[in-house]
């Protein structure tokens, strides 16, 4: 009796495994067939509206010294492998999170500054770490300058120059010369950011 029960159980188990394999193969085949049916087309632009205007302004002002890279994920920008902390939990806070722009050194590709919009269109996600105010903590711990742009619709060239020089790198006492001279001095300070003071690693851009 026990032998018959074992045989029946073995046959049922083998049948289940075979059926599961067939279902998996059939499902994969259907997905491959579906993949070949769908069509795609390129978007007209990678950025629109305020993002595009801000990107053009940043490139106009800082583009000679830095690459301005849009939509960078935090997991590609920040390392969670620090000390003896819980790395899985630390990674979870930055996973699937992005900043709008990253300044990179053209020679080394070293990130020197991150920029994030903080308006209603960019703060809908309630996931911990998605809010720009939460991101400030990540960048402060990494000693990487972080700029939170509160009113992207009202940004202009002069305002960006003033805020990047005054708040991030504490260079508010720049001589009142021409725009070109001031922008050059700001990009020079961006190349060697002051990271010894954690408070200098973040900023909030608000229109006056």
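The values are calculated or read from the model by the stated rules, or taken from the named source; none is laboratory data. Remember, predicted model here, so these are calculated numbers, not experimental data. No Cβ is skipped: glycine too gets one built from the backbone with ideal geometry, and neighbour counts run over all protein chains shown.
Observations, loosely collected:
- Out of 33, 64, one residue alone is closer than 25 Å to residue 101 by Cα and over 22 Å from the mean Cα position of the chain (by Cα). It is 64.
- Residue 45 fulfils the conditions (1) modelled with pLDDT of 80 or more; (2) farther than 30 Å from residue 116 by Cα except for a single criterion, (2).
- Among the residues of the range 83-102, just one is touching a residue at least 12 places away in the same chain (Cβ under 8 Å) and at positive phi, namely 96.
- Residue, surrounded by the most Cβ atoms within 10 Å (Cβ to Cβ), within the range 61-83, restricted to residues that are assigned to a helix (DSSP H, G or I) and modelled with pLDDT of 90 or more: 74
Yes or no, residue by residue, for (1) at positive phi; (2) outside any helix (DSSP H, G or I); (3) at pLDDT below 80; (4) crowded, with 16+ Cβ neighbours inside 10 Å:
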position	(1), (2), (3), (4)
128	no, yes, yes, no
148	no, yes, no, yes
166	no, no, yes, no
171	no, yes, yes, yes
175	no, yes, yes, no
184	no, no, yes, no
189	no, no, yes, yes
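- Across the range 4-11, a minimum of one residue is classified as over 31 Å from the mean Cα position of the chain (by Cα), surrounded by fewer than 10 Cβ atoms within 10 Å (Cβ to Cβ) and not assigned by TED's automatic domain parsing to the domain that holds residue 155.
- In the range 85-95, the count of residues that are loosely packed, with under 12 Cβ neighbours inside 10 Å, closer than 24 Å to residue 134 by Cα and more than 19 Å from the chain's Cα centre (by Cα) is one or more.
- Search result, residues across the range 1-32 that are assigned to a helix (DSSP H, G or I) and modelled with pLDDT under 80: 2, 3, 4, 5, 6, 7, 8, 9, 10, 11
- Residues located in the range 96-114, provided they are assigned to a loop (DSSP other than H, G, I, E, B) and within 13 Å of the chain's Cα centre (by Cα): 96, 97
- Of residues in the range 24-60 being in contact (Cβ under 8 Å) with a residue 24 or more places away in the chain and surrounded by 15 or more Cβ atoms within 10 Å (Cβ to Cβ), the one nearest to residue 130 (Cα to Cα): 51
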